[in-house]
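*Asks:* Take a look at the following structure, please.
Readers should treat all values here as calculations from the given coordinates under stated rules, not as data from a laboratory. Here the structure is a predicted model, which means the values were calculated and not measured. Ideal geometry is used to build each Cβ from the backbone, glycine not excepted, and the neighbour counts take in all protein chains shown.
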Amino acid sequence: MASANSGLLGSPPAGTESAEKLLRVRDLSVQFRADRRGWVTVVDGVSFAVGAGESVALVGESGSGKTVSSLAVMGLTGNTGGRISGGSVEFEGRDLVSLPPREWRALRGSGMGMIFQQPIRSLNPAYTVGDQIAESVRRHLGLDRRAAMARAVEMLELVQVPRAAERVNEYPHAFSGGMCQRVMIAMVMACNPRLLIADEPTTALDVTVQETILALLRDLQEQTGIGLLFISHDLAVVAELCQHVVVMYAGEVIEEGPADDLFYTPRHPYTAGLLASIPQPGIGKNRRLAAIEGRIPVAGSWPAGCRFQERCPHARSGLCEATHPVMVATGDRDGARCLRTADLELQGVHQR
Ligand SMILES: Nc1ncnc2c1ncn2[C@@H]1O[C@H](COP(=O)(O)OP(=O)(O)OP(=O)(O)O)[C@@H](O)[C@H]1O
Ligand code: SF4
Ligand SMILES: [Mg+2]
């Protein structure tokens, strides 16, 4: 099994460039109500797509808007006190934003499922894991109790929970963090969704457990052809799993492209900064890792012009504080939101 921090770009899954787009998010904006200031935009015109069988990473520092964007895809913005203020979320060709909430809810579980950073919080401590998986299966697939329980065991076996037939009758507290995450994956996969959103699913786990969960996700994706939206702040992990990368900063997408291109030739200084801060094979262990100095501006206080200007080593006075960059496509790459992208030569990870 590959390590989370080695074999950078060594074994991404086969590309599916022409994959039919299962999910298309266009110009999505999300707001939350802030005291006195009224509604504040935290996700600002975000666009990305996930094809059937494709794995797409949404990466960026804490507070960049990754979770808010993915909860919006799931139709859960209202549950967190926010609202979708613009754009569309198309799933299998249907715009979900204009759907009645009941229909969007029906798609959660059956069409798309989501796993989170703290799996134990997503499980109900009062019910056995089998009951919880079976309940989801009965609701979405209409199976009777016996068939739903058989499905629960089958799914626990699929996610490699040892002694699945016994453990199906145990309560969540009897499972370790890694095993809880397997149970959550089993619960989501039990209803045969076409899209899986995984929001930092390994961040709270030990490194060795992280690796097994990543390997499991990759295997499941290859076996089932599910579309995967993988959210992470860790580009080394993303390199193992994803074919396409969408980088977010201060509520917007600032760079997007195929992983095997973006990692070697970033076109935005922020992406280059993220890449400089990850360990790379072949580079001495004692090398000090570069980090991006400064902090991400908070929603509601984004500067005019480029939102990365205060931290950017390439910022140019008179230019970057004056103009808010749009996404500029370069060659066959989807693009970067930088006014100087054409004249910068940015360093990516080293080619092996
Ligand atoms: N329920 C909420 N009410 C108000 N603001 C919120 C709410 N949820 C998120 N935000 C704000 O939206 C912005 C984006 O948050 P989000 O959780 O999407 O970040 P993230 O990229 O997922 O970060 P992390 O890596 O820490 O999970 C942040 O400024 C956050 O404070
Ligand atoms: S627009 Fe200017 S400040 Fe923003 S990333 Fe590009 S060079 Fe840096
Ligand atoms: Mg988050």
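*Asks:* Pull up all non-local amide H partners of residue 253: gap of 5 or more, or a different chain, and H-to-H distance under 5 Å with H placed in the peptide plane.
*Replies:* 47
*Asks:* Now, a different point. Please arrange 234, 44, 144 by how many other C-beta atoms lie within 10 Å of their C-beta, fewest to most.
*Replies:* Working: 234 18, 44 22, 144 9.
The fewest-first ordering by Cβ neighbours comes to 144, 234, 44.
*Asks:* Then there is this: Pop out the ³J(HN,Hα) list for the stretch 214-222 in order, Karplus 6.51 cos²θ - 1.76 cosθ + 1.60 with θ = phi - 60°, rounded to Hz; leave Gly and Pro as x.
*Replies:* Each residue's phi maps through the Karplus curve to give 4, 5, 4, 4, 5, 4, 4, 5, 5 Hz.
*Asks:* Given H placed 1.01 Å from N in the peptide plane, which residues other than close sequence neighbours of residue 194 have an amide H under 5 Å from its amide H?
*Replies:* It is 112, by chain and number.
*Asks:* If you put +1 on each Lys and Arg Cβ and -1 on each Asp and Glu Cβ, how big is the dipole of the chain around its Cα centre, in Debye rounded to 20?
*Replies:* The dipole magnitude comes to about 780 debye.
*Asks:* So which chymotrypsin sites (Phe, Trp or Tyr not before Pro) in the stretch 90-124 end up in coil per DSSP with only 12 or fewer other C-beta atoms within 10 Å?
*Replies:* none
*Asks:* Taking H as built 1.01 Å from N, whose amide H comes closer than 5 Å to the amide H of residue 324, not counting residues under 5 places away?
*Replies:* 305
*Asks:* Just rank 244, 268, fewest to most, by other beta-carbon atoms within 10 angstrom.
*Replies:* 244, 268
*Asks:* Using only alpha carbon pairs under 8 Å that are at least six residues apart, calculate the relative contact order of the chain and give it in whole percent.
*Replies:* On the way: 690 pairs, mean separation 75.2, N = 352.
Result for the chain is 21 percent.
*Asks:* Sticking with this structure for a sec: Per residue of the stretch 262-273, in order, report the coupling 6.51 cos²θ - 1.76 cosθ + 1.60 (Karplus, θ = phi - 60°) as ³J(HN,Hα) in whole Hz, putting x for Gly and Pro.
*Replies:* With coefficients 6.51, -1.76 and 1.60, one gets 4, 5, 8, 10, x, 10, 10, x, 5, 4, 4, x Hz.
*Asks:* Divide by every residue of the chain the summed helix terms, -39500 (n - 2.57) for each DSSP H run of at least 4, and state the resulting mean residue ellipticity at 222 nm, rounded to the nearest 500 deg cm²/dmol.
*Replies:* That comes out to -8500 deg cm²/dmol.
*Asks:* Using Cβ contacts closer than 10 Å as the measure, can you line up 213, 292 from fewest to most?
*Replies:* 292, 213
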